[in-house]
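The values are calculated or read from the model by the stated rules, or taken from the named source; none is laboratory data. The structure presented is a predicted model; accordingly, all values stated were derived computationally and were not measured. All Cβ positions, even for glycine, are placed from backbone atoms using ideal geometry, and neighbour counts span all protein chains on display.
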C-alpha cells in the first residue's frame with residue numbers, strides 16, 4: 001500500500017484533532033470517519049481512543065466499526081491503535097467491569113496495582129525499551145527514548161512476540177505492540193514530540 005492517506009476512526013469518545021494535526025504536519029492527508037464502508041474500502045487506518053474502554057467499544061459497535069476493523073486486519077491494511085485504541089485490539093478489559101475488545105490480539109487489559117510512590121493514572125514522560133527488535137515503528141528511535149503517557153490500565157499480551165517495546169511503571173508493561181499489520185502504542189505520539197513524529201512517519205512508510 002503506497003498511499004500515505006489515513007482514515008482516522010471516530011468512535012465518538014474523544015477529540016481527534018491533535019492526532020490529525022500531527023499526521024498533517026508529516027504531509028499525510030487525513031480523513032475522519034465513523035462509516036464502516038470507508039474502512040471496508042481499504043486504507044491505512046488509525047484508531048485513537050481516550051476515556052473508558054467499555055464506552056469506546058460501545059461506540060465502535062454502535063457504528064458497526066468493530067467488524068469493519070476486523071475485516072481490515074484480515075485484508076492486510078496497516079492498523080495502528082493509540083492509547084485506548086491499542087487496548088481495544090485485545091480480547092478483554094477489566095476497566096469498571098469486564099468488557100470484550102476486538103479480539104485481534106490475545107491478552108487482556110488490567111489496572112495498574114496500587115504501589116507506594118506511584119500514582120494511578122500513570123501520567124507524564126516515561127521511557128521506551130525495545131523488545132523483539134522493536135518492530136517497524138521503532139526504526140530511528142533508541143532504547144530509553146521518552147514518550148508521553150496518560151492511562152490507568154495497561155495491556156498484558158499473551159504472546160511475548162507481539163510486544164515491540166516495554167515501559168517500567170512499578171511493573172513492565174507493553175507500551176508498543178506489533179503483529180504483522182496490526183500495531184499499537186499505549187502512549188500518545190501526538191504529544192511525544194520528536195519520538196512521536198518519528199513513530200508516525202514510520203507508520204506512514206510501512
Going through the stretch 20-46 in order, the residues found to be touching a residue at least 24 places away in the same chain (Cβ under 8 Å) and out of contact with any helix residue (DSSP H, G or I) (no Cβ under 9 Å at 6 or more places or on another chain) are none
In the stretch 95-120, anything surrounded by 15 or more Cβ atoms within 10 Å (Cβ to Cβ) and under 14 Å from residue 154 (Cβ atoms) is listed as 95, 101, 105, 107, 108, 109, 110, 111, 112, 120
Against the condition in contact with a helix residue (DSSP H, G or I) (Cβ under 7 Å, 6 or more places away or on another chain) and either more than 18 Å from residue 150 (Cβ to Cβ) or crowded, with 18+ Cβ neighbours inside 10 Å (or both), how does residue 49 come out, does it pass? yes
Mind counting the residues in the stretch 157-206 that are in contact with a strand residue (DSSP E or B) (Cβ under 9 Å, 6 or more places away or on another chain), under 19 Å from residue 140 (Cβ atoms) and not in a strand (DSSP E or B)? 14
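Do any strands (runs of 3 or more DSSP E) entirely within the stretch 9-95 hold 1 or more residues that are at pLDDT below 95, and if so, which?
Working: elements: 30-33, 44-49, 79-83.
The qualifying strands (runs of 3 or more DSSP E) are 30-33, 44-49.
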Note on the stretch 107-130: residues touching a residue at least 40 places away in the same chain (Cβ under 8 Å), in a loop (DSSP other than H, G, I, E, B) and either touching a strand residue (DSSP E or B) at 6+ places or on another chain (Cβ under 7 Å) or closer than 19 Å to residue 188 by Cα (or both) are 112, 128
